[in-house]
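Q: My structure is below; once you've seen it, I'll send some questions.
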Amino acid sequence: MNNDAITRAKDHFGRLLADQMERMQRIKAMPDWIDYATISPIKVGILGGDGIGPFIAKEAKWLLSEVLKDELAAGKIVIEDIEGLTIENRAEHNKAIPDDVLAEIKKYHVTLKGPTTTPRKGDPWPNIESCNVAVRKELDLFANVRPVVVPEQGIDWLFFRENTEDLYALGPYGIDVDDDISIDFRLISEPAADRIQRLAFESAKKQGRTRVTCVTKANVVKTTDGRFLRRFYEMAKEYPGIEADDWYIDIMTAKLVDEKRRRDFQVMVLPNLYGDILTDEAAEFQGGVGTAGSANIGKQYAMFEAIHGSAPRMVKENRAQYADPCSMIRAAAMLIGHIGYPAKQKRLEAALDICGNYERKLVMTGRDTGSTGRDYAEYLMETMQDPNVEQRLKDFQAAKAGA
Ligand code: IPM
Ligand code: MG
């Protein structure tokens, strides 16, 4: 037995634990939810990202600025670009987020972020941490909220993915113990489990939803998932009007494709990695990850992003102008609702639904067989400016459901 290796691993683990215990203190001392109604101006930052990111970010910013034009004119909101969150700059500083960029990001209440390249072993870039994950950790964006809605199939799901812990918390800090053994660490803490579950139950209550489902693998992963699940049922007692149940991730993955059962699910709350996987599957029902937006919400900051990658190949093949901006525009719509303008969010989402799911006057294929992102954004703009846009959407939905 190699005692040196064991000692080294123990020390490593000890250091990680000390950091995490400090983090627990920080979470407990965290101020309560920011109230956007009391802030002027609300500062919105745009992070273009890598690859197709800057192309789709430009279109998303254009629509965002149009929807909020009165507030911009009145000085209630400002929208600005934040530079430097590119893979080249991150690689140069060998950091997931260079310090000056992070300081800049923290000056904005909310950000809209394009996809960023996540290097992995073997890439030409240094194997730095995913910058999505780093932003989530740095700004303590503990809730990854992902809606999936397909009205004609009766699907109306809202996922609350815990966003700061699980295998992601210590993802870059695993250890090769010796020549044979590698270990990663999975962390679930009570404060983090509680705050995501609180948000899931509170949102369910506010929206009049009647069921919240917790997804784990607590039969096998007994300690961490065990805690997550135990806290779920304890909290559920505070919400007697809401049915609380739980499923294991494997069968849950199957039930989402079960036509007889899937409409029964309403709100799902789950640890980070299960949430990562299940929300990709769920997004497929509404047209794939390219059509889904994601909200990363914390008590002080929030970041909204497309859930797909940066597609460097499209840029290399000179096709970036054909990249679909819809996922990022959906993220922009969520941002608008989050800072206090739900009616404006609805208009933009109605335009996205009409153009993408029903009318489809323009279609994006990712190449010159389809529309460019620019033309598509103009199509969305025109659709959104129709004062009857929401009624039009309802008509389309009714026609499809009746067909
Ligand atoms: C997502 C993405 C990220 C994640 C990647 C890019 C690190 O898949 O937002 O779901 O795993 O969270
Ligand atoms: Mg993912």
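The values are calculated or read from the model by the stated rules, or taken from the named source; none is laboratory data. In this text the structure is predicted, and so the values were computed from the model without any measurement. Every residue, glycine among them, receives a Cβ derived from its backbone with ideal geometry; neighbour counts consider all protein chains shown. Only protein heavy atoms, including side chains, enter the accessible area calculation; ligands, DNA and RNA are left aside. Shrake-Rupley method; radii C 1.70, N 1.55, O 1.52, S 1.80 Å.
Q: Please count how many residues of region 36-76 are β-branched (Val, Ile, Thr), touching a Leu at 6+ places or on another chain (Cβ under 7 Å) and either open to solvent by 10 Å² or more (accessible area, probe 1.4 Å) or over 19 Å from residue 345 (Cβ atoms) (or both).
A: Qualifying residue count, region 36-76: 1.
Q: Continuing with the same structure: Of the residues 97, 56, 82, 105, which is within 20 Å of the chain's Cα centre (by Cα) and within 14 Å of ligand 1 (Cβ to nearest atom)?
A: The unique qualifying residue is 97.
Q: Take the residues in region 249-262 that are open to solvent by less than 40 Å² (accessible area, probe 1.4 Å) and within 29 Å of residue 365 (Cβ to Cβ); name whichever of them is nearest to ligand 1 (Cβ to nearest atom).
A: 256
Q: Within region 263-281, which residues are more than 10 Å from ligand 2 (Cβ to nearest atom) and either open to solvent by 20 Å² or more (accessible area, probe 1.4 Å) or without any contact (Cβ under 8 Å) to a residue 60 or more places away in the chain (or both)?
A: 263, 264, 266, 274, 281
Q: Filter region 282-297 for residues that are more than 12 Å from ligand 2 (Cβ to nearest atom) and of a type in the set (Val, Ile, Thr); which is least open to solvent (accessible area, probe 1.4 Å)?
A: So, considering only residues that are more than 12 Å from ligand 2 (Cβ to nearest atom) and of a type in the set (Val, Ile, Thr), the one least open to solvent (accessible area, probe 1.4 Å) is 297.
Q: For the structure I just gave you, tell me whether residue 249 is more than 16 Å from residue 146 (Cα to Cα) and within 16 Å of ligand 2 (Cβ to nearest atom).
A: Yes.
Q: A further question on this structure: Going by the conditions given, is residue 325 more than 16 Å from ligand 2 (Cβ to nearest atom), of a type outside the set (A, V, I, L, M, F, W, C) and open to solvent by less than 10 Å² (accessible area, probe 1.4 Å)?
A: So residue 325 fits the description; yes.
Q: Restricting to region 121-153, what's the tally of residues that are part of a loop (DSSP other than H, G, I, E, B) and more than 14 Å from ligand 2 (Cβ to nearest atom)?
A: Qualifying residue count for the region: 13.
Q: With more than 16 Å from ligand 2 (Cβ to nearest atom) and either buried (at least 20 other Cβ atoms within 10 Å of the Cβ) or modelled with pLDDT under 95 (or both) as the only criterion, which of 392, 313, 374, 319 stands out?
A: Answer to the selection: 313.
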